[in-house]
1. Keeping to the stretch 184-212, report how many residues are closer than 19 Å to residue 115 by Cα and either without any contact (Cβ under 8 Å) to a residue 60 or more places away in the chain or not in a loop (DSSP other than H, G, I, E, B) (or both).
2. Quick check on the stretch 163-182: of everything there that is in a loop (DSSP other than H, G, I, E, B) and touching a residue at least 24 places away in the same chain (Cβ under 8 Å), which residue is surrounded by the most Cβ atoms within 10 Å (Cβ to Cβ)?
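Read-outs: derived from the displayed coordinates by stated rules, not from any lab. Not measured: the values here are computed from a predicted model. Please note: Cβ atoms are built from the backbone with ideal geometry, for glycine as well, and neighbour counts cover all protein chains shown.
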């Protein structure tokens, strides 16, 4: 049973965006929302929620729209993190979806991640790195970015230039930029003040933060996989298996060193 209307004991500090149509993943998504498409043995949404649990988040908001009841049912019994659902009668896009869920979330800073992204960790877990790096005194947005040249399956021209002081600059009229946005970020809720009601893109709040010089980037140091189509999913699975094996070996080495083995 959904707990959408129940009052949470504490505010959630994280949100996972799971409302989109996943049109490029058809025909798989004809009968299944993209966040529930299995990758490396479990739904992409569960990979993100599991990473939140490992990072210590005990509560998260998940929005839904397309085949939304499947999302609601899937997370209903989740304990860690406990999931509050935010169904959308009309698709609100990324910015509108976050704005609708703000009453359920922390009023200082919120970690927001797309449900349909996949990555393996680097030296430290990405969520840990983001929360440690976010400084509300001079940041309103901290976006996890990744090198265009290093991502599996990414064929775009990049989104941002990463400047010496860590601030981001949009590609603008340049033919390409060295980094793209991964879909993982920390945002200050005040960015949503005076934003449109209803549907709007997160680019609206990024532009506010960029204009104020308060939008920063953090380069993910693990592996990142762009999975947009059934073909890309099939091609990515062997590489993901190898990356997960490498990640496990690295974790074992760290544990062994910590234990003096």
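1. Within the stretch 184-212, the first condition is being closer than 19 Å to residue 115 by Cα, and the residues that meet it are 184-187, 199-203.
Remaining after also requiring either without any contact (Cβ under 8 Å) to a residue 60 or more places away in the chain or not in a loop (DSSP other than H, G, I, E, B) (or both): 184-187, 203.
Result for the stretch 184-212: 5.
2. Initially, the stretch 163-182 is screened for residues in a loop (DSSP other than H, G, I, E, B), giving 163-166, 171-178.
Okay, now just the ones that are also touching a residue at least 24 places away in the same chain (Cβ under 8 Å), so 166, 176-178.
On the way: 166: 16, 176: 9, 177: 20, 178: 16.
This residue is 177.
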